[in-house]
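The values are calculated or read from the model by the stated rules, or taken from the named source; none is laboratory data. Computed from a prediction, not measured in an experiment: that's the story for all the values here. Glycine also receives a Cβ, built like all others from the backbone with ideal geometry; neighbour counts cover every protein chain displayed. What goes into the accessible areas is simple: the full protein's heavy atoms, side chains included, and nothing from ligands, DNA or RNA. Shrake-Rupley method; radii C 1.70, N 1.55, O 1.52, S 1.80 Å.
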Amino acid sequence: TIGSVLVVVATQRLVGWALPIITVFFVIYAFAGDALPTALGGHNGYSYSRIITQSFLTNEGVFGIPLRVMFTYVFPFVLFGIVLEAVGGLGFAIDLVQTLLGRFRGGPSKVAVVASGVFGMVNGSAVANVVTAGSLTIPMMTKTGVQPHVAGAIEAVASTGGQLIDRKSVVEGKS
């Protein structure tokens, strides 16, 4: 119980109130599902012990699938991006794109889109792309007058698009 409460409190401190409110709603739903008609999603209800065990101690809980996805997919790509940035590969790609597109109107935004596309072809992860390429392109865009939330949105969309680009289809001309 203490672990589950700590996870909800930590979530509230990190991302705000939305996710903890949704979590509490579904925990209440698990407890009080027997009070709802079947047509509205009613069920037999679950015991306190089952809810805590299921949400915290099993593979379907907090330390199961979410952490496995994090350490299987997200962490390796973020690590790859950090290493690429440390050896100068990401800076080189951004400098190259800035040389080609920097003089045009909206140049920094175009640099962010193309750089995220190029980097996304290599790593295949939108999250890792935002963390690594965004740490360079978002400040570059804000220095030229782009509002911070717009710069973040441009980077997020560009990184997602970069994730969808497949190296093989680019080489074969199918993208």
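Before moving on, here are some points about what is shown:
- Cβ-Cβ under 9 Å pairs, at least 6 apart or on other chains, region 1-24 side surrounded by 12 or more Cβ atoms within 10 Å (Cβ to Cβ), far side assigned to a loop (DSSP other than H, G, I, E, B) and among the β-branched types (Val, Ile, Thr): GLY3/VAL62; SER4/VAL62; VAL7/VAL62
- Reported count of residues in region 128-147, each being surrounded by fewer than 17 Cβ atoms within 10 Å (Cβ to Cβ), closer than 25 Å to VAL74 by Cα and free of Cβ contacts under 8 Å to residues at least 40 places away in the same chain, is 1.
- Of all the numbered requirements in (1) modelled with pLDDT under 90; (2) open to solvent by less than 80 Å² (accessible area, probe 1.4 Å), LEU40 misses one, and that requirement is (2).
- When ILE94 is tested against (1) on the phi > 0 side of the Ramachandran plot; (2) in contact (Cβ under 8 Å) with a residue 40 or more places away in the chain, only condition (1) is not met.
- Those residues of region 44-90 which are farther than 24 Å from THR11 by Cα, exposed (fewer than 13 other Cβ atoms within 10 Å of the Cβ) and modelled with pLDDT under 85, in sequence order: VAL83, ALA86, GLY88
- Taking the criterion of being in a loop (DSSP other than H, G, I, E, B), in contact with a helix residue (DSSP H, G or I) (Cβ under 7 Å, 6 or more places away or on another chain) and surrounded by fewer than 19 Cβ atoms within 10 Å (Cβ to Cβ), the residues of region 95-127 that qualify are GLY102, PHE104, GLY124.
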